[in-house]
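Student: I have a structure here, written as C-alpha cells, and I will follow up with some questions on it.
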Amino acid sequence: MILIKLGGSIITDKTQYRTFRRDTVARLASEIAKSGKKTVIVHGAGSFGHIVAKENDIMNGYKAPEQIPAAARVMADTRELSGMVVEELLKAGIPAVSVPPGSCFVLDEGKLVIDNREVIDRLLDLGIIPVMFGDVCTDRTRRFSIVSGDQIMERLCTMLDPEEVVFVSDIDGLYDHNPKTEKKARMYGRVTKETLKTLDSASDVDDVTGGIRGKIESMLRMTDSKRKCILVNGDVPGRLLSLLKGEIVTCTTAEGGLE
Ligand code: IPE
C-alpha cells in the first residue's frame, strides 16, 4: 500500500478562500487509479482551512467565544473540500470515503494522542479507501487545535506500515534555498540523515533553511531501511502516475530513516 498526501497547494488555490482545483484533482485521481496501486489518501486543507484558521488563531486553541463559530466554519469547509476530493476519486473508480480526523483522533497540546484505528482498519478490510485531511480537532488542553495532514501522514505511516509514502505538491522537490528568491537554489534528488549535517555547515542558516530542515526531518521520520518518502510535483501531468509505476521522475526521495 502507498500512503499519499495531496497537499493543499495542489488541490486548492491557497490564495483564494475556498477555491477547489477540480481539474487537477480529477487528473491526479485518474493517475492514482491508472497506477493500479492500493493507496490510502490524506489531503491538506489549503484555502478551505488556513485562511479562516489564521484569522481566528485556531491553532493555539480556545481563547474567546467568537472562535467557536470560526472553528465550526473551518470544519464545515474542510468537510466540503474532502467531499469534493472524494467525488473525484469515486469518478476515477476509486472507492473512497472521507473520514474527518476528529472522528478518530483527539489532540493534546496540538499533538495527536488518541487514534481509534478500528474504523480505518474496517474500511480498508472492505476495500474502501479512507480519506483523511488536515482539520480542526478537539484538544484536551487547548479545547481545539489543528491537526495537519502531515501529522496524520506520520500517524497513518506508523499504523499502516505502507511500502512507500508520497507527498504530492506544486514544486518539483525540496531545495536547499528558496528557489523563488535565490538563484543558487539547488534541488535535492535524494535526502538522508547525512543531508541534515550539510545544512548545519551552511553559512547562511536562515528561516528557509530551518524550514527545509524541518521538512527533511519529517520526511525522514516516515522512512526506514525499506520505506522511502517522496516529494513529487502534481502539477506536471503524468508525473505522479510515472512515479507510482516505478519509473524515474524528477522528485526528492528521502531514505534511510532519521535515527
Ligand atoms: C491544515 O492542514 C489544516 C487546517 C488549516 C485546518 P495541512 O497543513 O495538511 O494543509 P495544507 O496541505 O498545508 O494546505
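The values are calculated or read from the model by the stated rules, or taken from the named source; none is laboratory data. Owing to the predicted nature of the structure, the values given are computational and were not obtained by experimental measurement. All Cβ positions, glycine included, derive from the backbone under ideal geometry; neighbour counts span all protein chains shown.
Student: Return the residues of the range 199-249 that are more than 22 Å from Ser9 (Cβ to Cβ), of a type outside the set (Lys, Arg) and modelled with pLDDT of 85 or more; say none if nothing qualifies.
Tutor: Matches in the range 199-249: Thr223, Asp224, Ser225, Gly246, Glu247, Ile248.
Student: Identify the single condition in (1) surrounded by fewer than 17 Cβ atoms within 10 Å (Cβ to Cβ); (2) within 16 Å of the ligand (Cβ to nearest atom) that His43 does not satisfy, given that it satisfies every other one.
Tutor: Going through (1) surrounded by fewer than 17 Cβ atoms within 10 Å (Cβ to Cβ); (2) within 16 Å of the ligand (Cβ to nearest atom) one by one, His43 breaks only (1).
Student: A further question follows. What are the pairs, 6+ residues apart or on separate chains, where a residue within the range 171-184 that is in contact (Cβ under 8 Å) with a residue 24 or more places away in the chain and outside any loop (DSSP other than H, G, I, E, B) has its Cβ under 7 Å from a residue that is surrounded by 14 or more Cβ atoms within 10 Å (Cβ to Cβ) and not β-branched (Val, Ile, Thr)?
Tutor: As it stands, the answer is Tyr175/Met187, since those pairs meet every condition given.
Student: Of the conditions (1) outside any helix (DSSP H, G or I); (2) within 13 Å of the ligand (Cβ to nearest atom), Gly93 fails just one. Which one is it?
Tutor: (2) is the only condition that Gly93 fails.
Student: Next question, about the same structure. Tell me, which residue of the range 137-196 that is touching a His at 6+ places or on another chain (Cβ under 8 Å) and more than 23 Å from Leu241 (Cβ to Cβ) is surrounded by the most Cβ atoms within 10 Å (Cβ to Cβ)?
Tutor: For the range 137-196, the residue satisfying everything is Ala185.
Student: State all residues of the range 98-110 that are within 17 Å of the chain's Cα centre (by Cα), in a strand (DSSP E or B) and either modelled with pLDDT of 95 or more or under 10 Å from Arg140 (Cα atoms) (or both); if no residue qualifies, say none.
Tutor: Ser98
Student: Here's something else I'd like to know. Contact list please: Cβ distance under 9 Å, first residue in the range 148-165 and farther than 25 Å from Gly49 by Cα and part of a loop (DSSP other than H, G, I, E, B), second residue more than 16 Å from the ligand (Cβ to nearest atom) and among the β-branched types (Val, Ile, Thr), pairs at least six apart or on different chains.
Tutor: Qualifying pairs under 9 Å: Pro162/Ile2; Pro162/Thr39; Glu163/Ile2.
Student: Starting from the range 229-247, take each residue that is surrounded by fewer than 23 Cβ atoms within 10 Å (Cβ to Cβ) and list its partners that are among the basic types (Lys, Arg) and in a loop (DSSP other than H, G, I, E, B), counting only C-beta distances under 9 angstrom and pairs at least six apart or across chains.
Tutor: Within 9 Å, the pairs are Leu244/Lys37; Lys245/Lys37.
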